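What follows is calculated from the coordinates using simple rules that are stated; it is not laboratory data. Worth saying up front: this structure is predicted, and the values here are computed from it rather than measured. With ideal geometry, Cβ positions are generated from the backbone for all residues, glycine too; neighbour counts draw on all protein chains shown.
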Amino acid sequence: MALQPSPSARLASFAHLSTLANSFLPPLGTILPLALWLAKRGKDELAVDSAKEAINFQISTVLWALAFIAPVLAFPALAYVAWAALVALWIAWIILPIVAAIHASRGARYYYPYTWHVFGEGPGG
């Protein structure tokens, strides 16, 4: 018999998976974790930490995409390299929230790799 995740773990998983909503309705993937963060602030540490981490991941993904595209403006020959990097980033953008949701469903915090932690503390904090 499988153990059911706690309500806190379910909310934490939802925070990570909500990132994928940006595929369909771009602002929704940011609004959902932000709403969760504001609603559960001071009440559910795991859910709030997961919501902050999901937002940090979204911000970092945009910054990484810009970092891959910007050099192409000066050096068009780098377009193929930038394209390959953007494909890898897109794959990570799909897979990492799913991995994070699995960790969160077990009640564990998950910190995305190569993420700038604007909100909250990172894994070393």
Sparsely packed trypsin sites (Lys or Arg not before Pro) within segment 1-73, loop by DSSP, other Cβ within 10 Å at most 14: Arg41, Lys43
Contact order relative to length of segment 7-105, as percent, for alpha carbon pairs under 8 angstrom and 6 or more apart: 38 percent
Cα-based Rg of segment 7-105 normalised by 2.2 N^0.38 Å, two decimals: 1.22
Point-charge dipole on Cβ atoms (K/R +1, D/E -1) for segment 6-79, about Cα centre, debye to 20: 160 debye
Residue-averaged 222 nm ellipticity for the chain, from DSSP H runs of 4+ at -39500 (n - 2.57), nearest 500: -22500 deg cm²/dmol
Summed side-chain charge close to Arg109 - residues other than Arg109 whose Cβ falls under 13 Å, Lys, Arg +1, Asp, Glu -1: -3
Estimated dipole of the chain in Debye, rounded to 20 [Cβ of Lys and Arg +1, of Asp and Glu -1, Cα centre]: 220 debye
The chain: most fluctuating residue of Trp37, Trp83, Trp93 per GNM, C-alpha cutoff 10 Å: Trp83
